[in-house]
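The values are calculated or read from the model by the stated rules, or taken from the named source; none is laboratory data. Quantities reported herein were computed from a predicted structural model and do not represent experimental measurements. Cβ coordinates were reconstructed from backbone atoms using ideal geometry, including for glycine residues, and neighbour counts include every protein chain displayed.
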Amino acid sequence: MTGHNKVAIVTGAGTGIGKAAALALLADGYRVALAGRRREPLLAVAAASGAGERALVLPTDVSQPESVRALFDATVQAWGRVDVLFNNAGVNAPGIPLEDLTVEQWKNVVDINLTGMFLCIQQAFRVMKTQSPRGGRIINNGSISAHAPRPNSIAYTATKHGVMGLTKTASLDGRKYDIAVGQIDIGNAATEMAERMAKGVPQASGEIAVEPLMDVGIVGQSVLYMANLPLEANVLFHTVMASKMPFVGRG
């Protein structure tokens, strides 16, 4: 554990990649606000960390502006500032042909993956540009899907391509406030969301194939590395993936 008092917010912190990142940050000495829609998984992560009062459970719906503002206000009230935001909360839609996707299913993904990420960036800017010392770091969870789609994934893929636009624009607009913004693109980490990979998932060829997975703890360490950089340096895009997953190639 390093000797610092840095403050981080992790959205989607109750499971998967958010949980791994939160545990890595807490193990490094961060004070971490754990945000997610369900209180119980957040409490479990806080307990598993053994970090005591350095873990703050704040149930949040990132698709709701008032909920996001309350998350940042509560964090600042508790600890005075926000040094790092891991903008991680995200959902998928059913893997069905795009012509069968309902508008409600589409909007749910857009509201959380894209609008929710924007709302968190906006509140992070509000806090980071006025705190002393000024500035901070935002890490957006993109995905391999920010670069290439899987079959039947139009809502998820479109929003993750949108995240890339958020990252680039916020990185530019954050310069004047000493806010560094980067993106982590993750491929096949072993989480609840990726369990289906081990059983076989549709490929571009139409075949069903099992795909390799990597330990989600590796992703937590990647987020921690990005978070701990001095503000004079920024990882704009960081891709971490199972080495043998079918990403680079003509699948």
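Hey, among G135, G116, which residue is of a type in the set (G, A, S) and in contact with a strand residue (DSSP E or B) (Cβ under 6 Å, 6 or more places away or on another chain)? Steps first, please.
Details: G116 fails: in contact with a strand residue (DSSP E or B) (Cβ under 6 Å, 6 or more places away or on another chain).
Result of the check over G135, G116: G135.
Answer yes if at least one residue in region 127-146 is among the polar types (S, T, N, Q), over 25 Å from V82 (Cβ atoms), in contact with a Gly (Cβ under 9 Å, 6 or more places away or on another chain) and in contact (Cβ under 8 Å) with a residue 60 or more places away in the chain, and no otherwise.
The answer is no, given that none of the residues of region 127-146 is among the polar types (S, T, N, Q), over 25 Å from V82 (Cβ atoms), in contact with a Gly (Cβ under 9 Å, 6 or more places away or on another chain) and in contact (Cβ under 8 Å) with a residue 60 or more places away in the chain.
For region 148-193, name all the residues that are more than 26 Å from Q122 (Cβ to Cβ), of a type in the set (G, A, S) and either at pLDDT 95 or above or buried (at least 18 other Cβ atoms within 10 Å of the Cβ) (or both).
S153, G187, A189, A190
Is it the case that some residue within region 47-59 is modelled with pLDDT of 95 or more, surrounded by 24 or more Cβ atoms within 10 Å (Cβ to Cβ) and in a loop (DSSP other than H, G, I, E, B)? Working first, answer last.
Within region 47-59, the subset modelled with pLDDT of 95 or more is 47-59.
Add one more test, that the residue is surrounded by 24 or more Cβ atoms within 10 Å (Cβ to Cβ), and what stays is 55.
Now restrict to residues that are in a loop (DSSP other than H, G, I, E, B): none.
No, because not a single residue in region 47-59 is modelled with pLDDT of 95 or more, surrounded by 24 or more Cβ atoms within 10 Å (Cβ to Cβ) and in a loop (DSSP other than H, G, I, E, B).
Hey, can you tell me all the residues within region 30-49 that are touching a helix residue (DSSP H, G or I) at 6+ places or on another chain (Cβ under 8 Å) and either of a type in the set (G, A, S) or within 15 Å of V84 (Cα to Cα) (or both)?
Step one: list which residues in region 30-49 are touching a helix residue (DSSP H, G or I) at 6+ places or on another chain (Cβ under 8 Å), which gives 30-36, 41, 45, 48-49.
Y30, R31, V32, A33, L34, A35, G36, A48, S49, listed by residue number.
If I ask for residues that are among the hydrophobic types (A, V, I, L, M, F, W, C), within 30 Å of I179 (Cβ to Cβ) and either touching a helix residue (DSSP H, G or I) at 6+ places or on another chain (Cβ under 6 Å) or surrounded by 14 or more Cβ atoms within 10 Å (Cβ to Cβ) (or both), which ones from region 215-246 would you list? Quick ask: steps written out before the conclusion?
So the first thing to find is which residues in region 215-246 are among the hydrophobic types (A, V, I, L, M, F, W, C), and the list is 216, 218-219, 223-224, 226-227, 229, 231, 233, 235-237, 240-242, 245.
Within this subset, residues satisfying the condition of being within 30 Å of I179 (Cβ to Cβ) are 216, 218-219, 223-224, 226-227, 229, 231, 233, 235-237, 240-241.
Of everything in region 215-246, those that are among the hydrophobic types (A, V, I, L, M, F, W, C), within 30 Å of I179 (Cβ to Cβ) and either touching a helix residue (DSSP H, G or I) at 6+ places or on another chain (Cβ under 6 Å) or surrounded by 14 or more Cβ atoms within 10 Å (Cβ to Cβ) (or both) turn out to be V216, I218, V219, V223, L224, M226, A227, L231, V235, F237, V240, M241.
When you go through A70, A93 one by one, which is the residue that is within 20 Å of R37 (Cβ to Cβ), of a type in the set (G, A, S), at pLDDT 95 or above and out of contact with any Phe, Trp or Tyr (no Cβ under 9 Å at 6 or more places or on another chain)?
Values: A93 fails: out of contact with any Phe, Trp or Tyr (no Cβ under 9 Å at 6 or more places or on another chain).
Exactly one residue qualifies, and that residue is A70.
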